[in-house]
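K.L.:
Please read through the structure below; I'll follow up with questions.
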Amino acid sequence: MTQYYLGVDVGASFIRIGVVNVNGEIIDKVKVPMPQEGDEDTVANIIIKGARENLGKYLPSISAVGIGSIGPLDLKTGNVLIAPNLRWRVKRFRLYAPLRRGLGLPIVIGNDAMASVWGEYLFGQGAGRNNVVYVTLSTGIGMGVVVDGHLLVGKDGNAHEMGHAVVDIESDLQCGCGGYGHLEAIAGGGNIPKSARWYLEKRYRGQMSELALMVKEGKATTPDLFNGFKRGDPFAVEFIDYVLKAIAAGVANVINAYDPEVVILGGSIFLNNVDVIMNGLNKYVKRYVANRMPEITGTRFGDDIGIIGAAALALRVPESLKPFIESQEKSQ
Ligand SMILES: [Zn+2]
């Protein structure tokens, strides 16, 4: 019988569920909106329902389920802590216990960036390499790291939180986590409108464009700002250049820390602005890097990397996740 794995990508906006074969290819998939509130088991119940109703015919052939989730995680219990800026009435949602019970299959949980780097390491542009970094530029920013063939996990499963790397020590713009000068506060897709307003008030001395006025009134979206950059709006050109420098500094920090052979980028902000971001990285990363430059490239999997990476965690369970799975099983 053909063997499949279920890959579940739990993002800030969508939950993507896919059936993946042993070669890392998606056979079938479904996308459902991420609920904006609920109780501890809402997310798990949506995953179970989505899998049963849309992918039910594959379930008898599924060997294991991999999850790549937004964080922060508490990997000892297999729960996800809810960021304080989300309006959930509960402080965490449970994944391991309800999914293990509801699906009756082995469950492997990791952070989304951690899952994506594992997917790239097994099936993508990290294949055949031992030192791989994946950077997701999305609503938030995360980085997954494989060093010497070993997936970095950390004490609670949050070794990937390089989205909170400090890239502007002079900034008084507060990040959702409470810190200052963080990459995610400046360049996270969900934060760019606020970051633009901060930049306009605190740093911008140029010509006021129509877009700058929209930013001032809180009406400019993240796509508005990237589009403004592309057509040469003076405010957007200066602000997005600042965002690109911040992203380059974050990528350089991870290159300096882990000496990767390849850095692979993905996530909605990257995928919608590939040329702008690659040009920015080519221009600015070198100025911040100490180590020999790695290859910097975009994911070949587009949006699907989340599903492929999550399935990859279940398909070949990283050694560094195994003690956490034992602990999740005990804490059920
Ligand atoms: Zn932060």
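K.L.:
Accessible area per residue, 1.4 Å probe, Å², for region 21-170: what's the number?
P.N.:
Result: 42 Å² of accessible area for each residue.
K.L.:
Report, in listed order, any pair from K245/K286; K57/K322; K202/K245 with a Cα-Cα distance greater than 19 Å.
P.N.:
Going by Cα-Cα distance, K57/K322 fall outside the 19 Å limit.
K.L.:
Output wanted: per-residue J couplings in Hz (rounded whole) for region 293-302, from phi through Karplus 6.51 cos²θ - 1.76 cosθ + 1.60, θ = phi - 60°, x for Gly and Pro.
P.N.:
Once θ is set to phi - 60°, the couplings for region 293-302 become 5, x, 6, 10, 8, x, 5, 7, 8, x Hz.
K.L.:
Now a separate question. Going by the alpha-carbon gyration tensor, a ≥ b ≥ c the square roots of its eigenvalues, is region 68-167 rounded (a/c under 1.5) or, if a/c is not under 1.5, prolate (a/b greater than b/c) versus oblate?
P.N.:
oblate
K.L.:
Next up: What fraction of the DSSP beta bridges in region 128-299 is antiparallel, stated in percent and rounded to the nearest 5?
P.N.:
Details: 10 of 19 bridges.
If I count the DSSP bridges inside region 128-299, around 55 percent turn out antiparallel.
K.L.:
Also, I was wondering about something else. What's the Kirkwood radius of the chain in Å, using all Cα pairs?
P.N.:
Answer for the chain: a Kirkwood hydrodynamic radius of 20.1 Å.
K.L.:
Let me ask something additional. Need one word for region 1-114: rounded, prolate or oblate. Basis is the Cα gyration tensor (sqrt eigenvalues a ≥ b ≥ c); a/c below 1.5 gives rounded, then a/b vs b/c decides.
P.N.:
Prolate.
K.L.:
Summarise the accessible area of the chain (1.4 Å probe, protein heavy atoms) by the percent that is carbon and sulfur.
P.N.:
On the chain, the fraction of accessible area on carbon and sulfur atoms equals 48 percent.
K.L.:
Place the peptides 65-72, 208-215 in order of packing, highest mean first, counting for every residue the other Cβ atoms within 10 Å and averaging per peptide. Before the final figure, lay out each step's value.
P.N.:
Numbers: 65-72: 26.6, 208-215: 18.4.
Taking the mean over residues of other Cβ atoms within 10 Å, the ranking is 65-72, 208-215.
K.L.:
Mind checking which helices in the chain clear 18 Å along their axis (Cα) and have mean Kyte-Doolittle hydropathy of -1.0 or more, DSSP H runs only?
P.N.:
Those that clear 18 Å and a mean of -1.0 are 42-55, 234-258, 274-288.
K.L.:
Using only the Cα atoms of region 128-299, what are the Rg and Dmax in Å?
P.N.:
15.9, 50
K.L.:
In region 219-332, if every C-alpha pair distance is counted and binned at 10 Å from zero, what percent goes to each bin?
P.N.:
It works out to 12, 32, 29, 18, 8, 1, in whole percents.
The values are calculated or read from the model by the stated rules, or taken from the named source; none is laboratory data. The structure presented is a predicted model; accordingly, all values stated were derived computationally and were not measured. Note: ideal-geometry Cβ built from the backbone for every residue, glycine included; neighbour counts use all protein chains shown. Note: accessible area is taken over every heavy atom of the protein model, side chains too, but ligands, DNA and RNA are not part of it. Shrake-Rupley method; radii C 1.70, N 1.55, O 1.52, S 1.80 Å.
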